[in-house]
Amino acid sequence: MTHAKQGVDDRAAAGHGDVLGDLPRAETTPAPQCTRDGDDLHLEWPDASVRIDVTAIREPSEGATAEFAVSVHGIELHWSRLALASAPAGAQFVKCLAQRYKALPWGTIVEQACRVTVRRVREGTPAVRLTGAPLSGPRYAVEPLWWHEGLSMLYADVGSLKGFVGLVAAMVAATGRTLAGLHSRLRAPVNVLILDWESSQGDHDDRMGRLARGLGLDPAALPLYYRPMVRPLAADFPAVRATIARHTIAMLLLDSWQPACGPGRDGAADTTVATVGAVRALGLPTLAVAHLSKADAREAGPGRIYGSIFNTALCRCAWELKRDTPEPVPEDRSTRQTVLVGATHRKINNGRFRPPFALELLFNGETGPVSVSPGDLQTAGPAVLAKLSLSSAILHLVQSGAQSTSDLAEATGKSENQVRARCAQLVKQGRLARLDAGGGAGHETRWGLPARKPTP
């Protein structure tokens, strides 16, 4: 049975005048036994019945600091933040301990605790020799959005339903199933932690419940955990790590990336690098929902993640989303509404780019289920097609049948000359066929898929 820890004030109130004077004295202080719990250390001197819990360890440029909670025979003596390399700070800490219990050589114990803590912080991971062995296991945790390690990005303009898409990906990991064309490559369902800087638990519960009902899942059975966030990820790192250990978390969803980084200098490069470092230290496959810059949101073609260039440079995999031009919302709010979201692969560090795809979200009013299914890019409007390369847009449009040059130009938002030149390139590559050369008045060139050769 575990007993509640008792403090020295509790002992005094119970009538123990000497507080700890009746406890046995220790004659020696050998090196402590050290165990690690996430980023925290637990140091124990069994012969002296001393334990120091070391938490909130930091090593900024001015030197390492940590919070020490000292106990003797299970009775907590003192807790304080200590500059580990500061002699005056150490002497003051020793003085506080000696005032409460004089039977131990506190100077030696505190010195050992400081040295062990700094050594553990600085020892890092040993170097190993590369062998050229192929990667074992899946390259994607959730294909094609969520890489098997490090940071993946899912970014879009405001109102593009990126939060819904990120949550669907989390539900794929939590079920170990294929949902809406997204595939789990994990061996089994895993626990996923959502770190939220934007909304509330109520909003996430509502969104998750609607998606679960639309996908035919039981919301109560999904191992999705939620933690509201206020401080940047790097600042709240110890608490996040403790949450991960407590709930056996295997994957992280960050909503959203910019507040996870927090304010910074130098174009936010400092906070971006620090936050990527925090993700790396957590050691879990992480998907971050991020925003586009305002200028890129208005432009056709590839957009970039708002803020530092390191947002893109340091992530392992990135997808840009674009919501199709929405129709006016009907006055009857119970009416079903379908929204198409296009996805374009913008970054991959170790593998091939995946083809663009679409998801179709069907909202059954403001409170009903939200169904998600693979969408059809051929039906997308110019806003989505403009985010694709012109070649990809043309090839998607002709999947449903031959298209004229003017039809392709209208659908892609490009000039007929641009479309005609790109179609000619695709014909040379054998990916497109010129079905009608046109040439006369009212006769336009038509483009379609090349005929397949019959299988012998």
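Coordinate-derived values only; no laboratory data. Model, not experiment: these values are computed from the prediction. Please note: Cβ atoms are built from the backbone with ideal geometry, for glycine as well, and neighbour counts cover all protein chains shown.
Structure notes:
- Region 145-242 - convex hull of the alpha-carbon atoms, volume per residue in Å³: 124
- Secondary structure note: in the chain, about 65% of the DSSP beta bridges are antiparallel.
- Gain upon complete extension [Glu149, Thr338; 0.36 nm per residue less C-alpha separation]: 64.7 nm
- If the segment from Ala221 to Arg246 were pulled out straight at 0.36 nm per residue, it would be longer than the present Cα-Cα gap by 7.2 nm.
- Label-point gap, in nm, between Thr379 and His42 - each point 7 angstrom along Cα→Cβ: 5.7
- For region 131-142, Karplus couplings with θ = phi - 60° (6.51, -1.76, 1.60), whole Hz, Gly/Pro x: 10, x, 5, x, 4, 9, x, x, 7, 10, 7, 10
- Rounded Å value of the spacing that divides the Cα centres of region 57-136 and region 250-319: 33
- Least to most buried among Cys114, Cys96 (fewest other Cβ within 10 Å first): Cys96, Cys114
- Principal axes of the chain: Cα extent on each, largest first, Å: 108, 53, 48
- Residue-wise HN-Hα coupling along region 417-434, computed from phi with Karplus coefficients 6.51, -1.76, 1.60 (Hz; x: Gly, Pro): 5, 5, 5, 4, 5, 5, 4, 4, 5, 5, 5, 5, 7, x, 9, 9, 10, 8
- Computed [θ] at 222 nm, deg cm²/dmol, the chain (DSSP H ≥ 4; -39,500 (n - 2.57); rounded to nearest 500): -9000 deg cm²/dmol
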